[in-house]
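Notes follow the structure.
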Amino acid sequence: MPEGDTLHRVADRLRPALAGKRLAGFAAPRLRGDRPRTGVEIEAVEARGKNLLIEFAGGLTLRTHLRMNGSWHLYRTGERWQKPRHLARAVLETDDGWCAVCFAAPVVETFWRQAATPPAPLARLGPDLCEPEVDLDAVLARFEGVAGPDDDIGDLLLDQRIAAGIGNVYKSEICFACGVDPFTPAAGVPDEARRRLYATAHRLLRANLGAGPRHTWGSGVAVYRRRGQPCPRCGTPVRMRRQGAQARSTYWCPECQRGSPG
């Protein structure tokens, strides 16, 4: 599943092609909600957590969530697409020859910004860790409201109600950077360790908003998808275990990340 930094990169790529332009064509075969009218101005392209938001003049917003398989592509009008047309879930064409295509996204919907409350998935989101400033006190307050004492810290880092943007890669990398066993129950993670985890998440996500390969340790990653390879700190083989109701893969060093987090 794309992580928060990926969505911000997508928004940064689409924004120059779409923002300030007029909509020359729109198609979304599985759209939930109202359709933007041809000729309307595209006012903004933003990422919020793992959601991409395209705002139109008049108050309508298109929201997509890519989940595991979705992606956004940008083409010139008439250019050959890199994926089959039957996978297109949203197509936006501008009056100056750009074509933005969202492939295979399971969530494609519109909502009106004037509504009293945004859609539930947006209303529930915690602070976006990709933003320049994050209120960590608010994050920790949300943690207290969501976490059960026996919930694994690794699972809780993925909970977008606490803080938005962390995905499976960062979950493992953040825990490694902070020396925390991802299977530690919430009750065993003191407040300062929780703050350090989310501060580290903010730092790593922000560091990866630019172009180039994602890096969390040196020029690559420390533990993610490195099962059986030596830990970059101590040389112990990295382990992998499935975690949570969705059985997401979690990677950690059993030597560097053992004991109670301090």
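Values quoted throughout were computed directly from the atomic coordinates according to the rules given, and no laboratory measurement underlies them. Everything numeric here is computed off the predicted structure, so don't read it as measured data. Cβ placement follows ideal geometry from the backbone for every residue including glycine, while neighbour counts extend to all protein chains displayed.
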Which distance in nm do the two modelled labels at THR38 and ALA104 give, with both placed 7 Å along the Cα-to-Cβ direction?
-> 3.1 nm
Once amide H atoms are placed 1.01 Å from N in the peptide plane, what residues at a sequence separation of 5 or more from ARG248, or on another chain, have their amide H within under 5 Å of its amide H?
-> GLN243
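Could you give the dipole magnitude of the chain about its Cα centre, charging the beta-carbon of Lys and Arg +1 and that of Asp and Glu -1, in debye to the nearest 20?
Working: 38 positive and 29 negative charges, 216 e Å.
Rounded to the nearest 20 debye, it is 1040 debye.
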Ranking PRO36, PRO182, PRO106 by how far each Cα lies towards the positive end of the charge dipole of the chain (+1 on Lys and Arg Cβ, -1 on Asp and Glu Cβ), the top one is PRO106
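Calculate the dipole size of segment 213-262 relative to its Cα centre from +1 charges on Lys and Arg beta carbons and -1 charges on Asp and Glu beta carbons; express the result in debye to the nearest 20. All intermediate terms of the calculation are to be shown ahead of the outcome.
Working: 10 positive and 1 negative charges, 41 e Å.
Roughly 200 debye, rounded to the nearest 20.
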Using the Karplus curve 6.51 cos²θ - 1.76 cosθ + 1.60 with θ = phi - 60°, work out ³J(HN,Hα) for each residue of segment 149-165 in order, rounded to whole Hz, and write x for Gly and Pro.
-> x, 9, 6, 5, 4, x, 5, 5, 4, 7, 6, 6, 6, 7, 8, 9, x
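Relative contact order (percent) for segment 80-173, with alpha-carbon contacts under 8 angstrom and 6 or more residues of separation? Don't skip to the answer; put the middle values down first.
On the way: 80 pairs, mean separation 19.4, N = 94.
After rounding, I find 21 percent.
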With GLY235 itself left out, Lys, Arg at +1 and Asp, Glu at -1 over residues whose Cβ is under 14 Å from its Cβ give +2
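Given contacts defined as C-alpha pairs under 8 Å and at least six residues apart, what's the relative contact order of the chain, whole-number percent? Mind showing how you got there, number by number?
On the way: 526 pairs, mean separation 44.2, N = 262.
Taking the mean separation of contacting Cα pairs over the length of the chain, I get 17 percent.
Rounded to the nearest 0.05, what FRET efficiency do ASP135 and LEU209 give with R0 = 25 Å and r taken as the Cβ-Cβ distance? Could you check? Walk me through the numbers before you get to the answer.
Details: r = 19 Å, r/R0 = 0.76.
Here the calculated transfer efficiency is 0.85.
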Cα long-axis angle, helix 4-18 against the chain (0 to 90 degrees, to the nearest 10) | 20 degrees
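What translational diffusion coefficient, in µm²/s and rounded to a whole number, does the Stokes-Einstein relation yield for the chain at 10 °C and a viscosity of 1.306 mPa s, taking the hydrodynamic radius as the Kirkwood radius over Cα pairs?
In µm²/s, the coefficient rounds to 81.
Taking 0.36 nm per residue of separation and subtracting the Cα-Cα distance, what length does fully extending ARG233 through GLU79 add?
Working: separation 154, 0.36 × 154 = 55.44 nm, distance 4.72 nm.
Taking ARG233 through GLU79 to full extension adds about 50.7 nm, to one decimal.
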